[in-house]
Amino acid sequence: MRRPSLTQFLIERQRAGRINADLRLLIETIARACKAISTRVNKGALGGGYGSAGTENVQGELQKNLDVMSNEILLQANEWGGNLAALVSEEMEDPRPIPTHYPRGEYLLLFDPLDGSSNIDVNISVGTIFSVLRCPLGPGGERVEPNDKAFLQPGRRQVAAGFAVYGPTTMFVITVGDGAHGFTLDRETFTFVLTHPDIRIPEDTSEFAINTSNMRRWEPPVRRYIDECLAGKDGPRGRDFNMRWVASMVADVFRVLSRGGIFMYPRDSKNKEGRLRLMYEANPMAFIVEQAGGAATDGRTPILDLQPRALHQRVAVVLGSKNEVARVAAYHGSA
């Protein structure tokens, strides 16, 4: 049986009434931009992507050349299609409304143009993460001005989310609210092809991902959970666990989607609110993971139920196999 392309998959969703034409075109545009970024990543030092750009983003983090390139690729690809009211990036301080000489659409786009960019120079997988919201309506049914406030919607209001992984193969994983589905880039036809339909995360796991160099700063519930995993067969869990940590969220989450596991970037004494961005990383990944049968929490509240306070708000993230995430949440509840 021939595998459907991303375009065929999205058209089927449109015909079923799951998405409209504008959302379909928006996702296709993002996918094309991800192909362009994938090509730049694959060129490595030959494409001028290695090394520092000598600038800082809004969070005060030093940008890589590929951070800047990827951000610009996504901005240029999406600002003229008529699908968006505004878009915002982890690399930008404020939202960018669609220029007035282009038509404005009903959606808002948020993205992390190059997740895991600290890994670029050592040839480890990086990726792109995106989230799509509807632009809110005013009391008269008119669309509100797409400023910061328009974007500050809980993750449950996402209408689509996805991410790309630029690894040995380029993967594109999406959800439009009816499951999570993975596509592989065919380098011969330059087409995303459905290879991972209806992804399901096992409810139990014996694998965890966390940066143990931060152990001295962890809260007691996190330390308790990891100590139990490390105790293996001799501990209260009665089985051995493996640890994996790529330090690239897209790669770590794709592994969870592929074979189960739990990914943790908890709050600690240094990052009291957490380390990852709610709007650009936590919300889209939580949406995808929940659609694949997993769970996502900040330790106390499901990620998708959090009410954002700021565009660049940081948050603790625990996501993956449902039963393991529930255990971590329970430990926080009993702390």
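The values are calculated or read from the model by the stated rules, or taken from the named source; none is laboratory data. Not measured: the values here are computed from a predicted model. As a convention, Cβ positions derive from the backbone with ideal geometry for all residues, glycine included, and neighbour counts pool all protein chains shown. The protein model used for the area step is the full one, side chains on, heavy atoms only, and it has no ligands, DNA or RNA in it. Shrake-Rupley method; radii C 1.70, N 1.55, O 1.52, S 1.80 Å.
At the listed q of 0.21, 0.22 Å⁻¹, the Debye profile of region 214-281, built from one uniform point per Cα, gives log10 I(q)/I(0) equal to -1.05, -1.11. Each of Lys149, Lys35, Lys270 has its accessible area taken with a 1.4 Å probe; listed largest first, they run Lys149, Lys270, Lys35. Hull volume per residue, based on the alpha-carbon atoms of region 1-40 and their convex hull, is 60 Å³. Taken along the Cα-to-beta-carbon direction at a fixed 7 Å, the label points for Gln76 and Asp121 span 2.6 nm. Rounded to the nearest Å, what's the spacing between the alpha carbon centres of region 113-152 and region 269-315? Just the number, please. Each part reduced to its Cα centre gives a spacing of 14 Å.
Taking Cα atoms, how many degrees apart are the long axis of helix 6-15 and the longest axis of the chain, rounded to 10 and kept between 0 and 90? Its long axis makes an angle of about 80 degrees. Surface composition of region 1-46: carbon plus sulfur atoms hold 47% of the accessible area, using a 1.4 angstrom probe and ignoring ligands, DNA and RNA.
For the chain, a Kirkwood hydrodynamic radius built from all Cα pairs, placed in the Stokes-Einstein relation at 10 °C and 1.306 mPa s, yields a translational diffusion coefficient of 78 µm²/s.
Across region 132-221, the convex hull enclosing all Cα atoms gives 232 Å³ per residue. For the set Asp22, Asp198, solvent exposure ranked by accessible area (probe 1.4 Å, protein chains only) runs largest to smallest as Asp198, Asp22.
Two numbers describe the Cα atoms of region 271-322: Rg and Dmax, which are 10.1, 29 Å. May I ask you to give the percent of accessible area on region 274-335 that is carbon plus sulfur, with a probe radius of 1.4 Å? So the carbon and sulfur contribution to the accessible surface is 48 percent. Subtracting the Cα-Cα distance of Glu203 and Ala326 from their residue separation scaled by 0.36 nm leaves 43.3 nm.
Average accessible surface for region 57-205: 41 Å² per residue, computed with a 1.4 Å probe over protein heavy atoms with every protein chain in place.
Give the angle, between 0 and 90 degrees and rounded to the nearest 10, that separates the Cα long axis of helix 322-333 from the longest principal axis of the Cα atoms of the chain. For helix 322-333, the angle is close to 70 degrees. Annotation for region 320-335 versus region 79-112: alpha-carbon center distance of 37 Å.
Relative to the present Cα-Cα distance, how much length would full extension add between Asp22 and Glu145 at 0.36 nm per residue of separation?
The span from Asp22 to Glu145 would gain 42.3 nm if fully extended.
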